[in-house]
Amino acid sequence: MAIIKIPYSKGFVDLKVSDENLSAVLESKAHHFKTTEDEVTIVKKALENPVNNSRLRDLAKGKNKIVLITSDHTRPVPSKITLPILLEEIRMGNPDADITILIATGFHRSTTEAEILDKFGEDVVKNEKIVNHVCGDESSLVHVGILPSGGALWLNKLAMEADLLVSEGFIEPHFFAGFSGGRKSVLPGVAGRTTVLANHCAKFIIHDKARTGVLEGNPIHKDMVFAAEEAKLAFILNVVIDSNKKIINAFAGDKVDAHAEGCKFVTELASIQAAYSDIVVTSNGGYPLDQNIYQTVKGMTAAEASAKEDGVIIIAAACNDGHGGDAFYETFLNHKTAQDIMDSIMKIEMDCTIPDQWESQILARILIKHKVILVSDQCDPKLIGEMHMLHAQNLEEAMKMAFEIKGSNASVTVIPDGVSVIIGR
């Protein structure tokens, strides 16, 4: 009997699978990557050796209004470590700089005061100016131009009016943008509602290059790079983290080149060949990515890539914050089947994209092919059912349900952290 630890909320839960059923355990090498350096040293070394760029302290000289874009409450960027170092580096070059920390909420809700305190720490909250981006607040946006895709590019005024625009983030595989980090701080991070909707349209989401680990030829990525260029994003700091959310590497410098180096590092660690099985068990990497069903779709895509036709996907995710998007929830509530959802979405033109459509499209794609059992003891089972999924209180119950569906001899693949891997076919 194999016992495998699965990230869940702020801890782990144990999955038990008999040796006869277990096909494979697919994990990113990042989770076992060993470094002799502490997290602060890793970050400082990256800032001291920027990729194809000047040091941030030199870029900050003579700049009055500096905006530092950071990730919101849904991303495990270790800002308590990175932000103080970034702020110190900026002030080494310009002690009197007027710095604004702009939270890249993208299309998400605003980060609450409690979440800001938890994410950034008391010192940063007490001493720095922090602003939430609100994608639907037209008064806080400025029209910048037209994206390569044809969509209108609206960006946060604070970012566009900055003398120096800097961003921090982390790099992991992303289920339709290829990778997180880099240019994503701008689009969708600090972009307007209509811009995000255009970039996340149905024809892009269904595109065969809009997949995990793919940048070249990815139309979503192309728009994002363009937005970062138009915003004049001058410097990035992106980290790579392990399963304990600890920094194992950092990349700083040019928004394209530093990000590319980070993506190469992640690709080498995260790429794994699929092990097709009747049942695939995964997670959304635990907190903060498993706070809602909307985010949890990401982890499902890794399981989708290793599931046999008509397989069962089990995903452990707390989803304590519910569905994560009203439009996302209502789409499933108002359609009888996943195929109905897909058919309706594919009729929607780019300029008519509706909120959360992309997440609905991907979840519908998965549900058309597979049954999904969502394991949570913190989410309303009725809500999970309304989202066209089965509910289990724990992994043991979920496995029993899956074997009843697929038979006692069903094969099982386990992907402990679904958002950390690139599954090759």
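The values are calculated or read from the model by the stated rules, or taken from the named source; none is laboratory data. These numbers come from a predicted model, not from an experiment. A quick note on method: Cβ atoms are made from the backbone with ideal geometry, for glycine too, and the neighbour counts reach across all protein chains shown. Protein only, heavy atoms only, side chains kept; ligands, DNA and RNA dropped before computing areas. Shrake-Rupley method; radii C 1.70, N 1.55, O 1.52, S 1.80 Å.
Tell me the accessible surface of residue 135 in square angstrom (1.4 angstrom probe, heavy atoms of protein chains only), to the nearest ten.
Using a 1.4 Å probe on the heavy atoms, I get roughly 20 Å².
Between rounded, prolate and oblate, where does region 206-287 land on the alpha carbon gyration tensor, with a ≥ b ≥ c its root eigenvalues, rounded for a/c under 1.5, else prolate if a/b exceeds b/c?
Taking the square roots of the gyration eigenvalues as a ≥ b ≥ c, region 206-287 is oblate.
Where a ≥ b ≥ c are the square roots of the eigenvalues of the C-alpha gyration tensor, would you call region 329-425 rounded, which needs a/c under 1.5, or, failing that, prolate if a/b is larger than b/c, or oblate?
prolate
For region 235-377, what is the relative contact order in percent, using Cα pairs closer than 8 Å and at least 6 residues apart in sequence?
21 percent
Taking loop as defined by DSSP and a crowding limit of 14 other beta carbons within 10 Å, which trypsin sites (Lys or Arg not before Pro) in region 225-303 fit?
232
Could you pull out every Cys in the chain that lacks a partner Cys with its beta carbon under 4.7 Å away?
Unpaired cysteines in the chain: 135, 201, 263, 352.
Taking Cα atoms, how many degrees apart are the long axis of helix 357-369 and the longest axis of the chain, rounded to 10 and kept between 0 and 90?
Rounded to the nearest ten degrees, it is 20.
Restricting attention to the alpha-carbon atoms of region 289-330, what are Rg (one decimal) and Dmax (integer), both in Å?
11.4, 31
Going from most exposed to least, what order do 170, 107 have by accessible area with a 1.4 Å probe?
Ranked list, largest accessible area first: 107, 170.
Enter the accessible area of residue 16 (Å², nearest 10), with the probe set to 1.4 Å and all protein chains included.
130 Å²
What's the magnitude of the charge dipole for region 36-145 around its Cα centre, counting Lys and Arg as +1 and Asp and Glu as -1 at the beta-carbon? Answer in Debye, nearest 20.
340 debye
Bin all alpha-carbon pair distances of region 237-345 at 10 Å intervals from 0 and give each bin's fraction as a whole percent.
13, 28, 36, 20, 3
What is the Cα centroid distance between region 111-150 and region 61-95, reported in whole angstrom?
13 Å
Provide 377, 356, 278 ordered by accessible surface of protein heavy atoms (probe 1.4 Å), highest first.
377, 278, 356
With a ≥ b ≥ c taken as the square roots of the eigenvalues of the C-alpha gyration tensor of region 61-155, please select rounded if a/c is under 1.5 and otherwise prolate if a/b is larger than b/c or oblate if it is not?
Because a/c hits 1.5 or more and a/b fails to exceed b/c, region 61-155 counts as oblate.
Taking the convex hull of the alpha carbon atoms in region 124-223, what volume per residue do you get, in Å³?
In region 124-223, the Cα convex hull volume per residue is 112 Å³.
Taking the Cα centre of region 145-247 as origin, sum charge times position over the Cβ atoms of Lys and Arg (+1) and Asp and Glu (-1), and report the length of that vector in debye to the nearest 20.
For region 145-247, the charge dipole is close to 240 debye.
Please work out the Cα convex hull volume for the chain and give it in Å³ per residue.
Dividing the Cα hull volume of the chain by its residue count gives 126 Å³.
Roughly how many debye, to the nearest 20, is the charge dipole of region 227-370 about its Cα centre, given +1 on each Lys and Arg Cβ, -1 on each Asp and Glu Cβ, and no other charges?
Once rounded to the nearest 20, the dipole reads 360 debye.
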